[in-house]
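FYI, it's all coordinate maths here, none of it is from the lab. Predicted model, so just to flag it, every value in this text is computed and none were measured. Note that we place each Cβ from the backbone using ideal geometry, even for glycine, and neighbour counts take in every protein chain shown.
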Amino acid sequence: MTLWFGLILMTAAAAWAVLWPLARRGNELRSGSDVAVYRDQLAEIERDRAAGLIGESEAAGARVEVSRRLIAAADAQTGPPSSVSSATWRRRAVAVVALVVLPFGAAAFYLALGSPSLPDQPLAPRLAASRSDTSIDTLIAKVEDHLSHHPEDGRGWEVIAPVYLRLGRLDDAVKARRNALRLNGATAQREAALGEALVFAANGVVTAEAKAAFERAIALDADRVEAKYFLGLAAEQDGDYSQAAATWRALLEAAPPDAPWIDMLRGALARVDRAGASGRASGPRNDPSDEQVASKLAPEQRKAMIEGMVERLSERLHRDGADVEGWLRLVRSYLVLGQPEKARAAVVDARRALAGDAIKLRRLDDLLKGLGLEG
């Protein structure tokens, strides 16, 4: 009801604004004032002649001129009947438009395009609805819907990957990074981003796939800082503390003084320096700090962490198989994980790698006897 009352008031105001000028007969008022002026001039001429201020001939000429103007003003005031009726018709037509066509036309237009039955919508609820429409969940849902219909949109995968990381949707982040790399082409940044996602998904363990991604990033850009850091972390997790220290020390030497990651890198370097000074053998880390971290993980996360470390150890031994203790640790790890087939395959690989060194081969056999895998 309030809405309709307001519309009626606005329509009445608009009609009044149109009709008000039409109610004023400007031409007639202006002509009437001219007639009065000319009559005053005639009376003044008579007064001046009677007072002897002007002669008879001058008074007669002035009366003729003023009389001519008076007649013209009188004619303009009355006007011919046709012009008066025409002006009256125009005013009436405009009045009809203002009083009938304008309000009814506006009402018909509103009823056709408007929604008079809708309830009031205050500003605060509308703003709240607008904010909810732009929430992060809504935006992610829109991007995911777009990617479900356009899975080859590499830019979409690249945009949503870091969002998945921040939300802790690590498996989705890995998938998005892989798709972005496949569709957009290999760059150092994309390879390093895939490696980071794989590390986060493995609870901080630099898996073999992540390490390969970082190595590809370094091949494309030798100065890629994050790739170098994680390669150093992979070396530390493999127990190769000297390699980790060398990698991180080189990073520190080349870093700008205001780099935000310097303090973190110094702490990591101090950690591997202490580990190296303690004389730990090469191989996967197995110190109290690792046990404390593993104890806080869920069983499946703990298993993934151990499998990642074993996988990297296997890769290292297949590159350089001279480490007898490393082969023994690999065999023992497979047995602990309940993978006896892989343990026996590792024994075969160890014998093949140490075939040229009889002393190490004999030592390996002695160590394997303790596990019941001799011969």
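Observations, loosely collected:
- Dipole magnitude (debye, nearest 20) for the range 142-236, charges at Cβ of Lys, Arg, Asp, Glu: 40 debye
- This ranking places 142, 342, 228 by how few other beta-carbon atoms lie within 10 Å of each, fewest first, which gives 142, 342, 228.
- Cα centroid separation, the range 343-361 to the range 150-171: 45 Å.
- Ranked by how many other Cβ atoms sit within 10 Å of their own Cβ, fewest first, the residues 309, 10 fall in the order 10, 309.
- Working from label points 7 Å from Cα in the Cα-to-Cβ sense, the residue 352 to residue 220 distance is 3.3 nm.
- Applying 1/(1 + (r/R0)^6) with R0 = 25 Å to the Cβ-Cβ distance of residue 72 and residue 43 gives a FRET efficiency near 0.85.
- Residues listed by number, the range 180-196, amide nitrogen under 18 Å from residue 150 label point at 7 Å toward C-beta: 180-185
- Cα-projected label distance for residue 60 with residue 136, points at 7 Å along beta-carbon direction, nm: 10.8 nm
- Extension gain (nm, one decimal) between residue 159 and residue 246, 0.36 nm per residue minus Cα-Cα: 27.8 nm
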